[in-house]
Every structure is written in C-alpha cells, then in structure tokens.
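Working notes, beginning with the structure itself.
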Amino acid sequence: MGGRQTVCRWTLLLFSFVHVALQYEPTTVELPRFFSIDYENDQFLLNGSPFRYVSGSLHYFRVPRAYWRDRLRKLRAAGLNAVSTYVEWSQHEPSPGRFEFSGELDLQYFIRLAQEEDLLVLLRPGPYICAERDMGGLPPWLLTVKPDIYLRTNDTTYMEYVERYLNYVLTSVQVYLYGNGGPIIMVQIENEYGSYQACDSSYMTQLRDIVKSKVGDAAVLYSTDGAGLSFLRCGKIEGVYATVDFGADTNVDTAFLAQRIYEPHGPLVNSEFYTGWLTHWGEPFQSVGTETIVNTLDEILARNASVNFFMFHGGTNFGFLAGANFGDNYQPQLTSYDYDAPITEAGDPTSKYFAIREVIGRYLPLLNNTAPIPAPKGSYNTIILNPIASLLDQSIRQALGKEPLRSKFPLTFEDLGQHYGFVLYETTLARSVPDPALFNIPGLGDRAVVLLDDVPKGILSRSEKITSMPLSLSEGTKIQVLVENQGRINYGSLINDFKGLLSNATLGGDVLEDWIITGFPLHEISSLGVNSTYNYTFSCPAFFRGTFELPESYSEPLDTFLDPRGWGKGVAFINGFNIGRYWPILGPQVTLYVPGCHLKPYPALNELVLLELEKANSPHYTVSFVPEPILDERPPAYAAASHTSHFLVPPQLNQGPQTSVTILAV
C-alpha cells in the first residue's frame, strides 16, 4: 500500500512538471551577430571567431533576375562564401527623385537570395562604381542639372543628390546588414578614389559620414584602391578600412605591402582579384591564363588574406549601358561582359572555374553537392527579317522619336534631357557652296552617319578621330546627322562626357545654323508597328523585323546567341527587350547573348527587331541563332586595314534619288 502511494506521488509530481512545461515554452536566446576587425591578430571576426571571405563579383543588373539564384548557387558551389555587387545609381534613379528598386533592379531580393544560398554580401553602393558602365554608374542627368558639375567632389549640387541617393539605398538595405540579421558584412565607400585626380578628402569624409549614419557597427566600412602608395594616398579615409586590388600578374607581397603601409594591422584583402579583363570594340578579346590565376590565388590564400574575384560572373551590358575608356582615343566597350570570368556570360562553368574551386578547397570546405555543368543552348537556325522603314521615315519619327526641337545651333543629348540612344540633327542648305565642300564637326560624341536628303554619304567617328568629310551638295539640300551615344567614359578625369554635336558644324568653313533636332531614346519599341507591305526603296539606317517559333520539342526556352554576321552595326531587340549593340564587321564580339527567359515557348511567336545603321545583310536579310558565342573574331578586312574603312558609304537596301544631305551620327 505504501509503495503504491509513493508511485502515485511521483506520478503526480511528473504530471505537474509536464503541465508547467507545456504552459511555458522555452525561450530562445539569440546570440549577438557581429562582423568586425581584429587588429591585434590581423583578421576578421565573425561572431567572435576568426574568419576570412573568398568572394566573387556578380552584378545583379547585368544578369536577368530569373537567373540570379542559379548564378549565386554556382558561386557557392565553387567554394565561395560571399558575393560582391555594385549598386548602379543611374539605373536606380533614372530621373531626379524617381527611384526604381523592383523587377530586374530588386536589390533587396538579390540580397535575400544570397543569404538563402549561404553567401555573405559585400555591398558597393558607389555613388561612382566604374564597372565599365556608362559614366561609371553615375546618372547622366547630373550633366543636365548642372553642366559644369564637378563629379566625385564636394561640389554642393553633386553632394545634394549623392546624399539623397545613398540615404535611400542604405535605408532600404539596413535590415540586411549583418549586425541586423542579414548577410551584408562589408559596405564600400566610393570606388578606387585614389585613381581620380580630384583627391578631395572632404568629399570622402562626407561619404563616410553618410554611410556610417545608416550602417553604424552592423557592417565594416572599407575602401578599395590600386596596390600602390599613390592610389592609397587619396583613397584612404580615417575610420574606413583600406584594401587593395591587383591581378594575377602581380607580386603578392609587394601588393600587400602597400596596404600594410596604410593599415599596419588588420586582415590582408584583395578586393578585386582580376580573373580576366575588359574588352573594347576593335581589339582582341582580353583573357587571363588559368594557371597564372590559380598560382596567385594560392599565394593570396596562403597569407590568410581575404579575396574577391573580379569578375566571377560578368554578365551582359544589355541596352545602351556599356561604358567607354579614353587613352589615345575614345574606346567604347563591348555589349558582352563575359570578362573571361570563371562563369561565362551565359552562366556556364569553365575550366578556370574548376581550377579555382580546387585551390579554394585547400583552404575552405567545399559543399558536397555536385559541381555545376554547362546548360544546354538553343539552336534556332536562320530567320528572315523584313524591312519595316527607315529611321528617318515620318511614321518612325512619330512612333519612336521625341518632339522635334528647333535651335539655331546644335544641342547636346544633355541639353535635350536624353541620356541614351540616338539624336538626329537636320538643317537645309540655304545657299550655294563650293563643290565639293568640307563638312566638319570638331566636337562629336560619338559616331555619326551623315546623309544628304536621306541618302547615306559617310561616317564620322570620335574613336577614329574622323570629324570631317567632303560633300557634294547644292542649295536646298537637307543635311542630316544621326548621332549615337556609344557609351560615356567610365574611368578617369573625362567622365563628364557629353554626347551629340558638342560644337558647331561647318561647311566650307561657314557655320551651319537653324537645326531641327529629334531624339530617339529607344527605351522601348512597342509603338514601332508592323507594315503589311514592305517598302524596299529606303536606305539604312532602318528597322528590320522577323518572327519565329521555338521548336515544339523544347519544354522551355533555352539560352541562345544571335549571330548577325553579314550585317554592319546596330541594335537588337528580342520581344521588345534591348539585348544590346552588335558590330560584327569590327568585332571582336560577333554574337549577342539571348537569355532564354526573354523568349516565349512554343507555339507563341517571338519577335526580333534590328535597327541596322550601316549595312543590311542583303539580299535575304537573314540572321541565325546559334548555340555557341563568338567573342573573339576580327574580320580580315579590319585586321589588315585601318578602322577608317568605317568611313565608306554604307551599303543600302535601294538608294533613292540624291536630292538632300542627311548626316547620321552614331
């Protein structure tokens, strides 16, 4: 009896304990998250433990949103534990005060995906980013707001817009800072400022304070400069950790010595370890050997340094957003930003990818998942395009052109409030002139097709320093110049890069006046329309259109490459999306990357539109879709001859009567 009572007593106590336990859920104690610098031991600390990152650059604005997760997953599979991205001001604030952070520009979504794929984030919000983008990522409307603005300095107007932009961006990502529960461990101040001639320390200090006010201690602030004392002298800011960048052909100890002079203690960091290089139109495709890269990478990691590969996946300069450089001449950059990176423009791993992965595996644990393989590509064969109309046709002007403006003298793109695309300048000759007469535009940005009464007569080129040509014309002839913005300079002291006719145009030494100016921004072409009967009597520049179905056997659209060989120079649109500039007669890039996510599955019709500026692929006007890119082909005619061959009269569909002069600048 007594034993039975004891059992009952213990049963009652146990029941009471369980009852109390069910009433009160256990509390989870969240440990503080922090990422910091351990100066004493020359390392980063992640939640108090020694840490180093192996990161890769991937710019979300160069990759279709539909592919972000795929590309991030491939970074992680290579052994990387972080991703680095710029934030492009010009795209996020396309006009003053109008911010865009949705769809293809959804920065928050990209950061969330990175965290879901177990990647930390290095955020580089600018305001200037270089990145081989138009104007280095700065919005061109700054040149409209204040034509004499002093960019990347404490210029009052510039700083007013910079502060608004940075506050907007940083406020939107505060929740994603590491200390606040997100993946962002590093936030960069400006970009390689030591390479800019202004060397304005007050500007950099202001940027630091703006960023610090939003970031606090939730992430580490850092700067990036070339691995030389002259760069770090102007790039280093008090209270911001200085890092360096260098490529595979650099002595690692010498490069890090420059960092050590400005940061005697703290982790060694190469913030841009170059896996390839940028390429300009008309030069060989730039590449860096895999063996050199992996040997230098091994040296970097052996020193317990952190590193960011630039680029790990380059992507594409869709639309009109590729930038340019200026050395001895103006050098526009390719549509492709393949960069000879470990992951190709189309998202496929290369032998370089696997070689890098093997080296990383010596220092960091690799995931157990299977390494990625190249995705299948579509071969959609050849399609026939039909001519729609000349760009100069009245119907096209009404559909795609801005309201024409009259001006005594030429106006720039910036005067017109137009940032990209083309501007057509037209004037009618009101007097007789010598035959021939020298037509001259000393200030041209960047390339112009010259026409007389809608008939092409030649090309002027900033790149080739060709600013004049002889013309045969008479009183009453219409002179037309169609100017293309080929990309604003993105690096150095000339980033205030105005476009269009930057000077008066002269004929026989006399200034031409009374211009009619029509802008063609070509933001979208949905209003282009379709002719049921095609007119073959006009010349380039002209629009061509074709439709095609994908094979019924494809369960979903596959990536492919547009092959425009046989055409001259122009812009291509797939289902209304601007996939970029093509220029196969110059190279080295021939094909344009066509993401499958921009194609419609069978049986829907896909639409391809070309704006061809110089030379149609006559007589059949065909293009092909091929499964492999061609990024390193220079046509023999250009390899053996000067680029001045661009000056030749463009082939035409069917030349009409030569009664007027038209100049098309592209």
Hey, can you tell me all the residues within segment 244-272 that are under 19 Å from S230 (Cα atoms) and either of a type in the set (A, V, I, L, M, F, W, C) or not assigned by TED's automatic domain parsing to the domain that holds Q333 (or both)? V244, F246, V252, A255, F256, L257, A258, I261, L268, V269
Among the strands (runs of 3 or more DSSP E) contained in segment 495-574, which hold 3 or more residues that are touching a helix residue (DSSP H, G or I) at 6+ places or on another chain (Cβ under 8 Å)? 515-520
Filtered residues of segment 181-206 (kept if touching a Leu at 6+ places or on another chain (Cβ under 6 Å) and more than 16 Å from I129 (Cα to Cα)): P183, I184, I185
Tally, over segment 316-330, of residues that are surrounded by fewer than 22 Cβ atoms within 10 Å (Cβ to Cβ) and either assigned by TED's automatic domain parsing to the domain that holds K465 or assigned to a loop (DSSP other than H, G, I, E, B) (or both): 4
Inspect segment 142-151 for any residue being more than 30 Å from L416 (Cα to Cα), of a type in the set (S, T, Y) and either without any contact (Cβ under 8 Å) to a residue 60 or more places away in the chain or surrounded by fewer than 19 Cβ atoms within 10 Å (Cβ to Cβ) (or both) and give the result as yes or no. no
Can you pull out the residues in segment 240-253 that are in contact with a Phe, Trp or Tyr (Cβ under 9 Å, 6 or more places away or on another chain) and outside any loop (DSSP other than H, G, I, E, B)? Y241, A242, T243, V244, D245, F246, G247, V252
Looking at (1) part of a loop (DSSP other than H, G, I, E, B); (2) under 30 Å from F35 (Cα atoms); (3) under 19 Å from the mean Cα position of the chain (by Cα), find the lone condition where L122 falls short. (1)
Go through segment 269-312 and count every residue that is over 30 Å from Y39 (Cα atoms), outside any loop (DSSP other than H, G, I, E, B) and of a type in the set (S, T, Y). 2
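Restricting to segment 289-332, name every residue that is aromatic (F, W, Y) and either more than 21 Å from L268 (Cβ to Cβ) or within 13 Å of the chain's Cα centre (by Cα) (or both).
Residues of segment 289-332 aromatic (F, W, Y): 309-310, 312, 318, 320, 326, 330.
The answer is F318, F320, F326, Y330.
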Could you tell me which of the residues Y582, Y621, Y554 is crowded, with 23+ Cβ neighbours inside 10 Å and not assigned by TED's automatic domain parsing to the domain that holds G487? Y582
Filtering segment 220-237 for residues that are more than 13 Å from S271 (Cβ to Cβ) and either of a type in the set (S, T, N, Q) or out of contact with any helix residue (DSSP H, G or I) (no Cβ under 8 Å at 6 or more places or on another chain) (or both) leaves a count of 1
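The values are calculated or read from the model by the stated rules, or taken from the named source; none is laboratory data. Predicted, not measured: the structure shown is a model, and the values here were computed from it. Neighbour counts are summed over all protein chains in view; Cβ atoms, including those assigned to glycine, are modelled from backbone coordinates with ideal geometry.
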